[in-house]
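So the structure is just underneath, and the comments pick up after that.
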């Protein structure tokens, strides 16, 4: 039997110079096809690379790219390479939410990588939770991914009396709120503070942060009923997360969080 060779759906198909379609339109169509097939995940090729790959002029390439930018498929800025636009994840402030659920709700695949977890004692965190300084706490540190791209660095502290099951839970594809619910613990509310921070060299490497991009720090105190049971600090990529505010006459000021191309946390 003849062995079939796998077809690379992300490979360029070239242009047909006998076609009545303009070359830029053929190139535009093929680039859209390749993007839908998952091409250019790491970086989008430059004009010179596309010119060589398709054997067309730079004018043709520029016109195709211009149309893709107009459609919002590509984004670029002075001094930065053209990149594929990534849709921002939106989340209303003032509602209990989960980063896990928000990522999945937008059709992206989420997963978490646990960097560290164990029992710790931290008087400062214990004070935030209204606990004795020597209280045992579960500390959990994770990298959160959206479609295999690092989105956030997350560190969570909870009383060991409530969160001990998290020490053995598989959190690769689930959130800690779901795991806690199975143990009879339900986070019902809380408070958040959001502010910008400059990433350290280590944080920039872990999150594959592009040059010039800052982080947004989200500090959350989660409650079960009226009791504070969670202290969390999440560092979210500034190019994937933004704050949107809206208001109207005689209506309370509201804010929405959006994250772009930031419940199960």
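Observations
- Qualifying residue in region 145-160 (condition: over 12 Å from residue 231 (Cβ atoms) and over 28 Å from the mean Cα position of the chain (by Cα)): yes
- Wholly within region 1-116, strands (runs of 3 or more DSSP E) carrying at least 2 residues that are modelled with pLDDT under 65 and closer than 30 Å to residue 222 by Cα: 88-92
- Qualifying residue in region 234-248 (condition: more than 15 Å from the chain's Cα centre (by Cα) and at pLDDT 85 or above): no
The values are calculated or read from the model by the stated rules, or taken from the named source; none is laboratory data. Just so we're clear, the structure is a prediction, and the values are computed from it rather than from any experiment. Methodologically, a virtual Cβ is constructed for each residue, glycine included, from the backbone with ideal geometry; neighbour enumeration extends over all protein chains shown.
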